[in-house]
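**Q** Here's a structure for you.
The values are calculated or read from the model by the stated rules, or taken from the named source; none is laboratory data. Every value quoted in this text rests on a predicted model; they were computed, and no experiment measured them. Methodologically, a virtual Cβ is constructed for each residue, glycine included, from the backbone with ideal geometry; neighbour enumeration extends over all protein chains shown. These area figures cover heavy atoms from the full protein model, side chains too; ligands, DNA and RNA do not enter into them. Shrake-Rupley method; radii C 1.70, N 1.55, O 1.52, S 1.80 Å.
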Amino acid sequence: MSVKGYENEIYALQTRHTSYIIRVGEDRIPENVYWGKRIDRIEDFAGEASPAPVNMQAPHCLREECASFGGMRFKESSMKVCFADGVRDFRIGRVYVETEENRLELVLEDECYPFRVRLCYEVFEEEDVIKKWRIVENTGEAPVVLERIFSAQFGLPGTGYESLNYNGRWGMEFQAVSEKITSGKKVYESFHGLTAHGNNPVFIVHKGLEEPFRENQGEVWFGSLEYSGNFKTIVEAVDAGFLNIVIGINDTDFAWTLKSGESFEAPAVYAGYTDGGLEDMSHRMHRFCRRHLMPSGLADKPLPVLYNSWYSTAFDVKCEEQIALAEKAARLGVELFVVDDGWFVGREHDRAGLGDWYVDRKKFPQGLKPLTEAVRGLGMRFGLWIEPEMVNPESRLYRLHPDWIYRYQTREVLMGRNQYILDMSRQEVLEYLAECLDTLLSENDISYIKWDMNRYASEMASGGLPAEEWKSLWHRHSLGVQWLINTLREKHPEVEFEACAAGGGRVDYGAMRRFDEYWPSDNTDPLDRLFIQENYSHLYPVKYMRAWLTDDFGMDGRKIPLSFAMHSAMCGSLGIGTDLNRTSEEKREEIKGYVETYKRIRNTVQLGELYRLRSLKNSDIQCVQYVGDGQSAVFVFLDHERYGDPLQSITLRGLKEDSLYRFVLDDREIVKSGAYLMQAGIGLRLCGDYDSRLLILEEINA
Ligand code: GLA
């Protein structure tokens, strides 16, 4: 039993190593009285009133599970409702509690309005994760407007916490920033219509992590929202001496009317605590994601090595040329051949074609068949790129249905990358897309789809809804996307889906629930990627991270040797995007060698445990280690040598102390014990610019 109750007062969510204790006292306000290392004797928490500073009003001082706006509380709330008569607070009249094996539900009923909130909890004992979400129900006749309906609220006692989130933009995703929250509040959010490239819908709050060794020591409280859309996370130092954390759907330009009998379910947050630093947080969440979040078909299988045409042919996609690319890709050991943008009607450039998901007969006179057959014949599977939520003004779809986009009728519609956003709140739009894409998948031998989303949203107004409901459109868009991907997955369960949004614009647990993998950034510079990949891996599993080799690294104009570039891409789910038609035979042979090596270690990389041993952010080298069954892979990167000092020493982690490991270092075979490798370490010689090594350690007596 991972959920326990005591005397109708204390409720404990117990995981293997942690306890989350909720108290419902005489005031009927559920409050979190403890979240940390496991405590078995839950009765110890009974009768313990929360200490409130002098002259301070409860409930402001309580670490509430669901603070609703209003009353004597001035901290950030996680809910704001407006009843039909203008009353804008919610007061708990009665609380019903239901417990099951690993579930808890606290039902809070308003004292006089027919309205209730169900606070739902589920415990994943093995993985040390708790799930929190909530459902609100209008049980009366009159409508109720939800002005804020976050998913969860957390409180941590005392002060001195730091909050880590990401700051970024296109091509520069996942730049981790950690700041002390001593007063006021920190807001991380998106109102771009999707998660976007800046902040991420998570919270990571920590104490005692010290640079540069913050990886495996210190306490961390973390949570991640299962939502792809506008989100808000607020981390607030409350004057009553605690940290208040709320997370959920962004309330900026949000309003949702609950009619009589209707309910609203806010997306789930998966949260945990560890005293083992960021490393342990990642291990727990990677495991959890693979077991409970990612689509089950591929979650525990390694992903194929893919080839993608984007960086070589862009929009200029021709059947014969793609076949020639496919032949060369197959010789490298590629297992999945993907044609990116440019294959559909009118898509000569990024100003036309989106919305018309039909094969361009000018480029493919006999349809896709000659290409898909050639790809199959070469022993690979075939995939395509799509961007379903979008339409170019220059398309058949837009000419037929100019009203199928979000727009204000009185204004010119704004464009991003020459495209409009389809109104995914309209069922007819969803039906059109579902039918079109279902036909595409049914009529062609396609086993992979890359689903892109290349612009931020604006002017959320729909001809299909009365103006007073337009503030619900941000959320309706997310629901529409969910419906579409769910529908396609149901009809085509064998197809592998990759998510992308101009690179890392939709990295969140909502996307992870529906996609097998993610394209974290359009920036393929192998050095920049090391930083993006390092931070991405905090909460997102390695196998969910596509990483490719390309010719032109795009952003920084650096010249980086193939070995460093391949090693950087081999740290995730490997792909190749170089223009093989313009690559020398010699270079292709070299790439082939790396692909072979990657296949030797890919189970370890994609499904093993990740250790971020060293980071170029605060060390001379970057070093990542993966530990799998009987094998460990260690990548070491040097960007430039400093002060004529080429020697580096690294100590490994996660090995078995008593086992022996064999590996080759600079052509020498070495055998060492796990204890030696983890305590004394390995000495390496890296020199010059962009030097790198891959060590593959095989456990001898495994
Ligand atoms: C976006 C994606 C790229 C590529 C292009 C195609 O930028 O992030 O990977 O697919 O679109 O237009």
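**Q** On the basis of being among the small types (Gly, Ala, Ser), surrounded by fewer than 23 Cβ atoms within 10 Å (Cβ to Cβ) and either away from the ligand (no atom under 16 Å from the Cβ) or within 11 Å of the chain's Cα centre (by Cα) (or both), does residue 563 make the cut? I'd like the intermediate steps shown before the answer.
**A** On the way: among the small types (Gly, Ala, Ser): yes; surrounded by fewer than 23 Cβ atoms within 10 Å (Cβ to Cβ): yes; either away from the ligand (no atom under 16 Å from the Cβ) or within 11 Å of the chain's Cα centre (by Cα) (or both): yes.
Yes: the conditions hold for residue 563.
**Q** Also, quick follow-up: Looking for whichever is open to solvent by 10 Å² or more (accessible area, probe 1.4 Å), of a type in the set (S, T, N, Q) and in contact with a Lys or Arg (Cβ under 8 Å, 6 or more places away or on another chain) here; the options are 523, 486. Which one fits?
**A** Details: 523 fails: open to solvent by 10 Å² or more (accessible area, probe 1.4 Å).
Exactly one residue qualifies, and that residue is 486.
**Q** Then there is this: Can you tell me which residue is surrounded by the fewest Cβ atoms within 10 Å (Cβ to Cβ) among those in segment 272-315 that are within 16 Å of the ligand (Cβ to nearest atom) and at pLDDT below 95? Give the derivation first.
**A** Step one: of segment 272-315, the residues within 16 Å of the ligand (Cβ to nearest atom) are 306-315.
Still in the running and at pLDDT below 95: 309-314.
Numbers: 309: 25, 310: 20, 311: 20, 312: 23, 313: 19, 314: 13.
Restricting to residues being within 16 Å of the ligand (Cβ to nearest atom) and at pLDDT below 95, the top hit is 314.
**Q** Tell me which of these residue 192 doesn't satisfy, since it passes every other one: (1) of a type outside the set (D, E, K, R); (2) open to solvent by 10 Å² or more (accessible area, probe 1.4 Å); (3) in a strand (DSSP E or B).
**A** (3)
**Q** Where the second residue is open to solvent by less than 10 Å² (accessible area, probe 1.4 Å) and part of a loop (DSSP other than H, G, I, E, B) and the first is within 14 Å of residue 694 (Cβ to Cβ) and lies in segment 568-583, which pairs have Cβ atoms under 6 Å and are six or more apart or on separate chains?
**A** 574/305
**Q** Could you identify the single residue in 657, 669, 589 that is of a type in the set (D, E, K, R), assigned to a strand (DSSP E or B) and free of Cβ contacts under 8 Å to residues at least 24 places away in the same chain? It would help to see each step written out before you state the result.
**A** Details: 657 fails: assigned to a strand (DSSP E or B); 589 fails: assigned to a strand (DSSP E or B).
The unique qualifying residue is 669.
**Q** Hey, among 636, 595, which residue is under 26 Å from the mean Cα position of the chain (by Cα), under 22 Å from residue 566 (Cα atoms) and crowded, with 17+ Cβ neighbours inside 10 Å? Steps first, please.
**A** Values: 595 fails: under 26 Å from the mean Cα position of the chain (by Cα).
Result of the check over 636, 595: 636.
Each row is one residue, and each column tells you yes or no for (1) under 21 Å from residue 573 (Cα atoms); (2) in a strand (DSSP E or B); (3) not basic (Lys, Arg).
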| position | (1), (2), (3) |
| --- | --- |
| 338 | yes, yes, yes |
| 354 | no, no, yes |
| 357 | no, no, yes |
| 362 | no, no, no |
| 365 | no, no, yes |
| 374 | no, no, yes |
| 379 | yes, no, yes |
| 383 | yes, yes, yes |
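**Q** Taking the condition farther than 30 Å from residue 144 by Cα and acidic (Asp, Glu), does residue 48 pass? Show your work before the answer.
**A** Numbers: farther than 30 Å from residue 144 by Cα: yes; acidic (Asp, Glu): yes.
So residue 48 fits the description; yes.
Results for (1) in contact (Cβ under 8 Å) with a residue 40 or more places away in the chain; (2) open to solvent by less than 10 Å² (accessible area, probe 1.4 Å); (3) within 16 Å of the ligand (Cβ to nearest atom), shown as yes or no for each residue.
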site	(1), (2), (3)
372	yes, yes, no
389	yes, yes, yes
396	yes, no, no
404	no, no, no
414	yes, no, no
427	no, no, no
445	yes, no, no
453	yes, yes, yes
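**Q** From 258, 225, grab the single residue that is at pLDDT 95 or above and buried (at least 24 other Cβ atoms within 10 Å of the Cβ). Walk me through how you get there before you give the answer.
**A** Values: 258 fails: buried (at least 24 other Cβ atoms within 10 Å of the Cβ).
Sole residue among the options that is at pLDDT 95 or above and buried (at least 24 other Cβ atoms within 10 Å of the Cβ): 225.
**Q** If residue 159 passes every condition in (1) modelled with pLDDT of 95 or more; (2) hydroxyl-bearing (Ser, Thr, Tyr); (3) outside any strand (DSSP E or B) but one, which one does it miss?
**A** (1)
**Q** Still on this structure: Is one or more of the residues making up segment 499-506 farther than 18 Å from residue 390 by Cα, near the ligand (Cβ under 10 Å from one of its atoms), touching a residue at least 24 places away in the same chain (Cβ under 8 Å) and hydrophobic (A, V, I, L, M, F, W, C)? Don't jump to the end; show me each part of the working.
**A** Going residue by residue through segment 499-506, those that are farther than 18 Å from residue 390 by Cα are none.
No, there is no match, as no residue in segment 499-506 is farther than 18 Å from residue 390 by Cα, near the ligand (Cβ under 10 Å from one of its atoms), touching a residue at least 24 places away in the same chain (Cβ under 8 Å) and hydrophobic (A, V, I, L, M, F, W, C).
**Q** I'd like to know if segment 532-554 contains one or more residues that are surrounded by fewer than 20 Cβ atoms within 10 Å (Cβ to Cβ), within 14 Å of the ligand (Cβ to nearest atom) and in a loop (DSSP other than H, G, I, E, B).
**A** Checked against the condition, which is being surrounded by fewer than 20 Cβ atoms within 10 Å (Cβ to Cβ), within 14 Å of the ligand (Cβ to nearest atom) and in a loop (DSSP other than H, G, I, E, B), segment 532-554 yields at least one hit.
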